Number of protein chains: 2
Amino acid sequence: MTLTSTVPPRVRVVEVGPRDGLQNEPVVLSADARAAFIRRLAVAGLPAIEAGAFVRPDRVPQMADTDEVFRRLEGLRGPVLSALVPNRRGMERALACGVPEVAVFTAASEAFARHNINMGIEESLTQFREVLRLARDHARRVRAYVSTAWWCPYTGRVAPAAVVRIAAALVEMGCYEVSLGDTIGAATPREVSSLITQLTETLPVAILAVHFHDTRGTALANVLAALSLGIATVDASAGGLGGCPYAPGASGNLATEDLLYMLHGMGIETGVDLDAVAAASRSLGGALGHPLPSRYLQAGPPGGA
Amino acid sequence: MTLTSTVPPRVRVVEVGPRDGLQNEPVVLSADARAAFIRRLAVAGLPAIEAGAFVRPDRVPQMADTDEVFRRLEGLRGPVLSALVPNRRGMERALACGVPEVAVFTAASEAFARHNINMGIEESLTQFREVLRLARDHARRVRAYVSTAWWCPYTGRVAPAAVVRIAAALVEMGCYEVSLGDTIGAATPREVSSLITQLTETLPVAILAVHFHDTRGTALANVLAALSLGIATVDASAGGLGGCPYAPGASGNLATEDLLYMLHGMGIETGVDLDAVAAASRSLGGALGHPLPSRYLQAGPPGGA
């Protein structure tokens, strides 16, 4: 048996560029520009797009007017659109503009949670219970991010047991999916295998997703390790937009194009048109004033094909 | 069984930066600078270093004075040093300055061979037989590269059967190792698994090495696929130096630092000091006048560790 014999035949790619990507760009785009980008990603066939965040515009100006973005996307066919909500207030704003799905964000490292979301892990889980209650009342699905699932920029390696405990709590309170984040792009495949193996002792693999950063070049190797254990949902950011401004040394979400290139090369279906994603990223790179880091975007398809 | 349970406990990293890397840099370094770089790589613990090439200096000025480089490295302890030789004349030059090991270079794609080494594959094999004869007479080991083992920039996908045939011929004529090159960085893990599986039906896995380019971000995922099938020799280029000037769209050999970061993170021994390699690359980047592309070199070690 080879590792590639155990990968799933189809992978769901969750596009996080319009939120996780753009919120880390210095240039603030208008709601019009963001909605146009999301439309192009939708036409490319991405099945799930995180379109914005209901956070404080004074803290994250890039995500201001997320309600306007959703308004412009009303009636959009194709992808499930979602928005990040930090708490009940964010959830109320999301409900007010008819957002079909939301995501909550915590960390497996206490130090990172305090730096990044200004509260401890337990407090974040308490806030999420209120979000989940509202979501249940309004029939909305909630996705959860567990950042620093392998490494923390402040405290180093994170114990898998911490991730298992938090993931279990998130599932228990009703989150339909838990996305494991390698926030500073430090994980390697054996750590990925180890954590997923421990998580799937008590949780079904179908509720897990992975979210890698390509900071040290290991993102696709980590995806491969996750796929070989049955993970079939992978987050990625068009063009490799974003990173994490609160994490020293963090750079580069895994680029959607690089992920699609590998998956399609392996015969794994995604339903996404790689070249259409690349075209969307290229036009956005123009608006942001710099080329995006995706390697595929720079190299293009191999010649002679 | 997970993929990471089948990887070898130790990997031999073959450093190709001083040859494959530098020969693709526009700046021509002196023999002194090249020898100093190789000394630093040797001190870092790299077990095998390709130190130069006995090719025509009018065609590849970066590799001129390779004999001077070897002279400066006489008595160097630690790594096995080698040089690329295209033919008998190159082999005679290598023998004249006491090079302990040589490498020959061909392709699995006829079109690429004609563009890159100005002869067909069969003609290259004929030339190598003369090199191997001299090598046997002087008790030298010969390594072989099969470039475009998966993709050709001119003709697209390469049939595994072509690689199997050429690898078998190279082993039959006495090469101790065959390094499979993804010259334009287009391969994905399933193609890597497939080719290695086919090769190991008739050849021992221990004679195979892999040589990936990170052009589309898949290099480390491809390494992982190869390791999980028992491959234990991986080529890499310090700092990610090099590429292939004859291959449109080619860029970036897999960086030694990125490879070491993943291997060490997986608990795989290499005997190499990652930070010492990074320091050597950084000083070379200074001499070349531009930062080198290795992701680890740019990001550094994860914090808090």
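So here's what we get for this one:
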{"quantity": "Within region B:78-98, backbone nitrogen closer than 18 Å to the virtual label 7 Å beyond the Cα of B:ARG56 toward Cβ", "calculated": "B:84-94"}
{"quantity": "Exposed GluC sites (Glu not before Pro) absent: longest stretch of chain A, with sites in DSSP loops and at most 10 other Cβ within 10 Å deemed exposed", "calculated": "A:75-200"}
{"quantity": "DSSP H segments from chain A that extend 20 Å or more along their own axis, Cα-based, with Kyte-Doolittle mean of -1.0 or above", "calculated": "A:121-137, A:274-288"}
{"quantity": "Ranking of B:ARG295, B:ARG71 by count of other Cβ atoms within 10 Å, fewest first", "calculated": "B:ARG71, B:ARG295"}
{"quantity": "Residues whose placed amide H lies under 5 Å from that of B:VAL14, excluding near-sequence neighbours", "calculated": "B:VAL234, B:ASP235, B:ALA236"}
{"quantity": "FRET efficiency, B:VAL27 to B:ALA279 (Cβ-Cβ, R0 22 Å, nearest 0.05)", "calculated": "0.65"}
{"quantity": "Options B:VAL27, B:PHE54, B:PRO8, ranked by Cα towards positive dipole end of region B:1-119, top entry (Cβ charges)", "calculated": "B:PRO8"}
{"quantity": "Dipole in debye (nearest 20) - region A:129-198, about Cα centre, beta carbon charges: Lys, Arg +1; Asp, Glu -1", "calculated": "140 debye"}
{"quantity": "Cα centre as origin, Lys/Arg/Asp/Glu Cβ charges: region A:3-299 dipole, Debye", "calculated": "220 debye"}
{"quantity": "Computed helical MRE - 222 nm, the protein assembly as shown, DSSP H runs ≥ 4 contributing -39500 (n - 2.57), nearest 500", "calculated": "-11500 deg cm²/dmol"}
{"quantity": "Residues B:VAL27, B:VAL60 arranged by fewest to most Cβ contacts within 10 Å", "calculated": "B:VAL27, B:VAL60"}
{"quantity": "Share of Cα-Cα pairs in chain B lying beyond 34 Å, as whole percent", "calculated": "13 percent"}
{"quantity": "Spin-label pair B:ALA287/A:HIS264, simplified geometry with 7 Å Cα→Cβ offset, distance in nm", "calculated": "4.1 nm"}
{"quantity": "B:CYS97-B:ALA161 pseudo-label distance in nm [points 7 Å out on the Cα-to-Cβ vector]", "calculated": "4.4 nm"}
{"quantity": "Magnitude of the charge dipole, region B:1-119, Cβ model with Lys/Arg +1 and Asp/Glu -1, debye to 20", "calculated": "180 debye"}
{"quantity": "Pairwise Cα inverse-distance average, inverted: Kirkwood Rh of region A:186-300 (Å)", "calculated": "14.8 Å"}
{"quantity": "Likely footprinting exposure, B:ARG216, A:ARG157, fewest C-beta neighbours within 10 Å first", "calculated": "A:ARG157, B:ARG216"}
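Read-outs throughout are calculated quantities, based only on the coordinates presented, and are distinct from any laboratory measurement. All values derive from a computational prediction rather than experimental measurement. Neighbour counts are summed over all protein chains in view; Cβ atoms, including those assigned to glycine, are modelled from backbone coordinates with ideal geometry.
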